[in-house]
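Comments concern the structure below.
The values are calculated or read from the model by the stated rules, or taken from the named source; none is laboratory data. Computed from a predicted model, the values in this text were never measured in an experiment. Note: ideal-geometry Cβ built from the backbone for every residue, glycine included; neighbour counts use all protein chains shown. For accessibility, only protein heavy atoms count, side chains too; no ligands or nucleic acids. Shrake-Rupley method; radii C 1.70, N 1.55, O 1.52, S 1.80 Å.
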Amino acid sequence: MPTVTADALAAAAGITDTTDGPGYQLRDPYGVTYTGTPGHLVLAALARRDLTPDLYRAHDLTAERVRDSARLLAEWFTCDHIPVTHAAAFAALPPRRVCELVAHVASHSDPHALGCVGPESLPIHTGYLTGAGVNDPHQPYPAVIDHPYRALSGSDEPPRLDVWAAAPHGVDEVMVPVEIEAHEEISWEFTAPIPVPVDELNALLMDGGPYAIEDYVDEHRFLVDEYLTYTTSRSEDGISVTARLLSPGARLDYPDGRPAPVREVTLYFVGPDPTTAAAGPPLLDRAAADATATSRGHQVFAVAHGLSARELRTA
């Protein structure tokens, strides 16, 4: 693993001699500009991959060590347990000095021990980082941790960085490309009468035991399709979704951020007349509608999506 240096972190975060001060700000690939406490901005830049994409690009483990260190310092210096003097001292640091501290933590600390720093040992670590000891090569990195360990904040609570975001033209939202996979399992359980031709009934019930009817229904799916609506469905786990952040220039299936609308859908209703048919469940498949109508001696009516039931027409 290459040595983590403040120069490399400063270069990745866009810190120069002219920006190493209160005027330091960030802009992400989505056009959002961030201003605020310079030290907090540096932690955000080093923690976010999209803000510092070239950070040790060829060394993923090194980059992750830096990002973990930046996130850790963000939690340390914004949580409720930090001494006020330590938080103020950190907030007063120029951007490049914060890069030096992140590089120091990434290079000289024990990652496993840092994960056990809690409210009791936190002042020792933050005092060390904002004091003169961090510059003394003979002073070891603090090894004290909490026994037993207590979390500094809730697991889902993000650091309260003094960072303010402003999007172009003052908009409230920006479009972030994300690769999404969604999966859902739906089941139905109900009782309903199934029409069986009289001349097949005897053979059907005699052949194959209690599961013969199951094979019959499986071969004649149209008999149950009309019942398989969302109002009678159930799902044990609902819809599960996984998402992965993509680069801002990624190719999108829906460039405008929304799925393309369905312009026209024809729904089919089965019944003896339009009013009765409209009161029943719609069918999307014309073949299934014809089969259902034939078995019941009814008609098939069609309606274009968006029309009222009064405008049902004979298909």
Could you please find all residues in segment 137-176 being open to solvent by 90 Å² or more (accessible area, probe 1.4 Å) and either in contact with a Cys (Cβ under 7 Å, 6 or more places away or on another chain) or not in a loop (DSSP other than H, G, I, E, B) (or both)? TYR149, TRP164, HIS169
Does THR130 satisfy the criteria of being polar (S, T, N, Q), open to solvent by less than 50 Å² (accessible area, probe 1.4 Å), within 24 Å of ALA8 (Cα to Cα) and touching a Leu at 6+ places or on another chain (Cβ under 9 Å)? yes
When you go through ASP218, ASP225 one by one, which is the residue that is in contact (Cβ under 8 Å) with a residue 60 or more places away in the chain and farther than 30 Å from GLY39 by Cα? ASP225
Top-ranked residue in segment 90-121 [being of a type in the set (A, V, I, L, M) and open to solvent by less than 20 Å² (accessible area, probe 1.4 Å); ranked as modelled with the lowest pLDDT]: LEU114
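Report yes if some residue within segment 236-254 is over 30 Å from ARG27 (Cβ atoms), in a strand (DSSP E or B), in contact (Cβ under 8 Å) with a residue 12 or more places away in the chain and not aliphatic (A, V, I, L, M); otherwise report no.
We begin by selecting, within segment 236-254, every residue over 30 Å from ARG27 (Cβ atoms); these are 236-240.
Remaining after also requiring in a strand (DSSP E or B): 239-240.
Then keep just the ones that are in contact (Cβ under 8 Å) with a residue 12 or more places away in the chain; that gives 239-240.
Those still in the list that are not aliphatic (A, V, I, L, M) too: 240.
Yes, because at least one residue in segment 236-254 is over 30 Å from ARG27 (Cβ atoms), in a strand (DSSP E or B), in contact (Cβ under 8 Å) with a residue 12 or more places away in the chain and not aliphatic (A, V, I, L, M).
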Going through segment 212-263 one residue at a time, which ones are over 20 Å from PHE190 (Cβ atoms) and among the aromatic types (Phe, Trp, Tyr)? TYR254
Would a scan of segment 122-131 turn up a residue that is at pLDDT below 95, more than 12 Å from PHE77 (Cα to Cα) and either not in a helix (DSSP H, G or I) or not polar (S, T, N, Q) (or both)? yes
Which condition does THR294 not pass, out of (1) out of contact with any helix residue (DSSP H, G or I) (no Cβ under 8 Å at 6 or more places or on another chain); (2) under 20 Å from THR229 (Cβ atoms); (3) at pLDDT 85 or above, if it passes all the others? (2)
I need every pair where a residue in segment 173-186 that is under 13 Å from ALA250 (Cα atoms) has its Cβ under 6 Å from the Cβ of a residue that is of a type in the set (Asp, Glu), sequence separation at least 6 or different chains. none
In segment 177-195, what residues are hydrophobic (A, V, I, L, M, F, W, C), surrounded by 11 or more Cβ atoms within 10 Å (Cβ to Cβ) and out of contact with any strand residue (DSSP E or B) (no Cβ under 7 Å at 6 or more places or on another chain)? ILE194
